[in-house]
1. From the list 233, 251, 299, exactly one residue is surrounded by fewer than 15 Cβ atoms within 10 Å (Cβ to Cβ) and touching a helix residue (DSSP H, G or I) at 6+ places or on another chain (Cβ under 7 Å). Which is it?
2. May I ask you to verify whether residue 206 is crowded, with 21+ Cβ neighbours inside 10 Å and either part of a helix (DSSP H, G or I) or at positive phi (or both)?
3. Could you list all residues from region 254-278 that are crowded, with 19+ Cβ neighbours inside 10 Å and either within 21 Å of the chain's Cα centre (by Cα) or within 11 Å of residue 169 (Cβ to Cβ) (or both)?
4. Quick test for you: out of 76, 101, 161, 91, pick the one residue that is surrounded by 15 or more Cβ atoms within 10 Å (Cβ to Cβ), part of a loop (DSSP other than H, G, I, E, B) and out of contact with any helix residue (DSSP H, G or I) (no Cβ under 6 Å at 6 or more places or on another chain).
5. Let me spell it out: the conditions are (1) in contact (Cβ under 8 Å) with a residue 12 or more places away in the chain; (2) part of a helix (DSSP H, G or I); (3) within 23 Å of the chain's Cα centre (by Cα); (4) more than 19 Å from residue 123 (Cα to Cα), and residue 284 meets all of them except one. Which number is the exception?
6. Exactly one condition in (1) touching a helix residue (DSSP H, G or I) at 6+ places or on another chain (Cβ under 7 Å); (2) at pLDDT below 90 is false for residue 132; which is it?
7. Under 7 Å between Cβ atoms, at least 6 apart or on separate chains: pull out the pairs that start in region 294-305 with a residue that is closer than 14 Å to residue 47 by Cα and end on any residue that is in a helix (DSSP H, G or I) and at pLDDT below 80.
């Protein structure tokens, strides 16, 4: 009877152990949302980013015209606040008579997709290499660290233009080039945190019971660096959008007639003194989007700060 009673108590303790984390998880999520909501800057950034994503996803339904529809007879119509505007084209038309608002809306698709995909590619490569460098150390760490130093010392514009000249300008090429130039940041961040985490007791315990290295790396170490990765990745999306626009502005990025904020800037530079809105509108779109992403990143940094989590 005594053993049966003890077994029941153990089972009850195990049940409580299994139940308590689930309650704690949902409670922490609720408190995290409440904490994020109090950060007005982060909330404002989230609204901007969500609005831009919705606009990009539903561009065919939102845009009043096709971004490729040309009408030379109405080229370079000014926006609605200038004299000579046309109410059917509230933001005017470009050099080929295409609706400017429609091209701005579709341009969000290219810029946001390039930003998110290049960050995903860079983060995947950099996180993997950083985890292995920090965990194994020795020659693995030396090899990866030297590769990081070489990449950081190599001029971005030279690498980008050389790669594009060899492969040819395209959306896929831009994503790969931006991803290759962006992975060292994640590798250095993850490596530095892994060097600390690998010495903690729970990692030593996992190693002591015979867990494989890959299981320790991706099951026990990786979840503890994900917060920093989310914050850095969010801020990097804004940087990648700017870099894509920069390359498209130079004519080495997304090629016409595909609408991109960068190539719209490139077209507008020839009309900067006569039709200043031509270059101002896509510039404002880039500014608002990157500002919103940076504000969201600041909000996430406050939410995912490990020292702030203690207060939860």
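The values are calculated or read from the model by the stated rules, or taken from the named source; none is laboratory data. Remember, predicted model here, so these are calculated numbers, not experimental data. With ideal geometry, Cβ positions are generated from the backbone for all residues, glycine too; neighbour counts draw on all protein chains shown.
1. Values: 233 fails: surrounded by fewer than 15 Cβ atoms within 10 Å (Cβ to Cβ); 299 fails: surrounded by fewer than 15 Cβ atoms within 10 Å (Cβ to Cβ).
Unique residue meeting the criteria: 251.
2. Values: crowded, with 21+ Cβ neighbours inside 10 Å: no; either part of a helix (DSSP H, G or I) or at positive phi (or both): yes.
So residue 206 fails the test.
3. 254, 259, 260, 261, 262, 263
4. Numbers: 101 fails: part of a loop (DSSP other than H, G, I, E, B); 161 fails: part of a loop (DSSP other than H, G, I, E, B); 91 fails: out of contact with any helix residue (DSSP H, G or I) (no Cβ under 6 Å at 6 or more places or on another chain).
Just one listed residue meets the conditions, 76.
5. Of the numbered conditions (1) in contact (Cβ under 8 Å) with a residue 12 or more places away in the chain; (2) part of a helix (DSSP H, G or I); (3) within 23 Å of the chain's Cα centre (by Cα); (4) more than 19 Å from residue 123 (Cα to Cα), the odd one out for residue 284 is (1).
6. (2)
7. 299/36
This table checks each residue for (1) within 31 Å of the chain's Cα centre (by Cα); (2) under 14 Å from residue 275 (Cβ atoms); (3) modelled with pLDDT under 90.
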{"position": "42", "(1), (2), (3)": "yes, no, yes"}
{"position": "48", "(1), (2), (3)": "yes, no, no"}
{"position": "63", "(1), (2), (3)": "yes, no, no"}
{"position": "71", "(1), (2), (3)": "no, no, yes"}
{"position": "76", "(1), (2), (3)": "no, yes, yes"}
{"position": "82", "(1), (2), (3)": "no, yes, yes"}
{"position": "104", "(1), (2), (3)": "yes, no, no"}
